[in-house]
Amino acid sequence: MKPGYAWKTIKFYERETIGERIAKARAFYKMTVGDLAELAHLSKSVIHHIEHGQDFRVSTLFVLCRALDIAPDQLMRGCFKE
């Protein structure tokens, strides 16, 4: 096994999970990708890529949480307010 292999695998899994939870939060609030992109001042393709597991910055996570009106820890737990 290469050094750092397990870390990279875990990192990819967590990014994917966060993207999936962003998609679930967006759906929970009945928002389209375009709606979220507009609120977060990001492009629709950026939202799409994040929701499908691509790399993104922590600062982008905070921007998305602010646009969804949820705290990052709520996103991590999957607890969304109605």
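Each value in this text was obtained by applying a stated rule to the coordinates, not by laboratory testing. For clarity, every value in this text was computed on a predicted model and none was experimentally measured. Using ideal geometry, Cβ is built from the backbone for each residue, glycine included, and neighbour counts are taken over all protein chains shown.
Restriction of the chymotrypsin sites (Phe, Trp or Tyr not before Pro) in segment 23-82 to DSSP coil positions whose beta-carbon has at most 12 other beta-carbons within 10 angstrom yields no sites.
If you take all other residues with their beta carbon under 14 Å from the beta carbon of LEU39, and give Lys and Arg +1 and Asp and Glu -1, the sum is +1.
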